[in-house]
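Here the structure comes first, spelled out in structure tokens, and everything after it is commentary.
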Amino acid sequence: MTLPARTLALFISDLHLQEAHARTVDAFFAFLEERAMAARALYILGDLFEYWAGDDDLDAPLHRRIAAGIRAVSDAGIPVYWIAGNRDFLVGQAFADAAGMQLLDEPHSAEIGGQKIVVVHGDAQCTDDVKYMAFRQQVRQPAWQAQFLAMPLAQRKAIIANLREGSKEAHSTKTMEIMDVTPQAIDALFAATGTSVLIHGHTHRPALHEHGGKRRYVLPDWEPDAEPPRGGWIAIGEGGAITRHDLDGKVIG
């Protein structure tokens, strides 16, 4: 089964695009050409990139190609919306302008097909991970970002590489429960936004969860080379039907 004929919105996250994962890059461009071009809106909910060191890295060939691919969707009259992830929160207005997309504050609420939804990346709701939450609070400060972005690009990339290695080490000692969203944070998000549907990524644990009559959809990460292949998206069709799709576009339960 393929996407509905008239798709109101598509949602993706956690592609972690990088030169070393060529099949994921190819899958992303196929998605843009075959799926996004047939939709009325595209939401990218963070971690599109494996990392983003700053908009002055926009001239890297892969980054320029990705911006052009998103721009083609936008130029076709399909609005593209962006929520920052924990890997690419330094994406700024220069990249947004090159890609023709709109940067959204988090959380972002909207009504699509009669559904009142809220979208986030998902890391801010992992409140049991106290060390990460402290790190997140620090790096989301404008003063910290300004100081970091003032460093030479090569220095920033070296710092990010070290942080990624440290993150891998830290993850090996954390339980999956600690790295997942907490019920309290989800309930608070629903209460604050007055929505009944939440769509997020980050946890790499795709599923549909029920929260007292409200629904939480978790997006998958993308890895076509995995066995079985991982990836996919969420679609909202006319009438508000929400469907989860694998990389081939098939509806999954």
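The values are calculated or read from the model by the stated rules, or taken from the named source; none is laboratory data. On a predicted model such as this, the values are computed, not experimentally measured, just so you know. Virtual Cβ from ideal backbone geometry, glycine too; neighbours counted across all protein chains shown. The protein model used for the area step is the full one, side chains on, heavy atoms only, and it has no ligands, DNA or RNA in it. Shrake-Rupley method; radii C 1.70, N 1.55, O 1.52, S 1.80 Å.
Taking Ala20 and the conditions (1) open to solvent by 10 Å² or more (accessible area, probe 1.4 Å); (2) within 19 Å of the chain's Cα centre (by Cα), which numbered condition does it fall short on, given that it satisfies the others? For Ala20, the failing item is (2). Among the criteria (1) hydrophobic (A, V, I, L, M, F, W, C); (2) open to solvent by 30 Å² or more (accessible area, probe 1.4 Å); (3) touching a Pro at 6+ places or on another chain (Cβ under 7 Å), the one Ala41 does not fulfil is (2). Restricting the search to helices (runs of 4 or more DSSP H) fully inside the stretch 134-253 and requiring at least 1 residues that are aromatic (Phe, Trp, Tyr) and farther than 21 Å from Lys116 by Cβ gives 142-149.
For the stretch 101-121, state whether one or more residues are among the aliphatic types (A, V, I, L, M) and open to solvent by 40 Å² or more (accessible area, probe 1.4 Å). I'd like the intermediate steps shown before the answer.
So in the stretch 101-121, the residues among the aliphatic types (A, V, I, L, M) come out as 101, 103-104, 110, 112, 117-120.
If we keep only those that are open to solvent by 40 Å² or more (accessible area, probe 1.4 Å) as well, we get 103.
Scanning the stretch 101-121, I find at least one residue that is among the aliphatic types (A, V, I, L, M) and open to solvent by 40 Å² or more (accessible area, probe 1.4 Å), so the answer is yes.
A Cβ distance below 8 Å, combined with a sequence gap of six or more or placement on separate chains, defines the contacts here; from the stretch 44-67, residues that are more than 25 Å from Trp144 (Cβ to Cβ) reach residues that are open to solvent by 40 Å² or more (accessible area, probe 1.4 Å) and among the acidic types (Asp, Glu) in the pairs Leu62/Glu19. Filtering Gln145, Gln125 for residues that are in contact (Cβ under 8 Å) with a residue 60 or more places away in the chain and surrounded by 14 or more Cβ atoms within 10 Å (Cβ to Cβ) leaves a single hit, Gln125.
Please specify each residue of the stretch 46-59 satisfying the condition of being touching a helix residue (DSSP H, G or I) at 6+ places or on another chain (Cβ under 7 Å) and open to solvent by less than 30 Å² (accessible area, probe 1.4 Å).
Initially, the stretch 46-59 is screened for residues touching a helix residue (DSSP H, G or I) at 6+ places or on another chain (Cβ under 7 Å), giving 51, 53-58.
Scanning the stretch 46-59 gives Ala53, Gly54, Asp57, Leu58.
The set of residues in the stretch 99-133 being within 25 Å of His63 (Cα to Cα), of a type in the set (Asp, Glu) and either touching a Phe, Trp or Tyr at 6+ places or on another chain (Cβ under 6 Å) or not in a loop (DSSP other than H, G, I, E, B) (or both) consists of Asp123 alone.
For the stretch 60-78, check the following and say yes or no: at least one residue is open to solvent by 10 Å² or more (accessible area, probe 1.4 Å), in a helix (DSSP H, G or I) and polar (S, T, N, Q). Checked against the condition, which is being open to solvent by 10 Å² or more (accessible area, probe 1.4 Å), in a helix (DSSP H, G or I) and polar (S, T, N, Q), the stretch 60-78 yields at least one hit.
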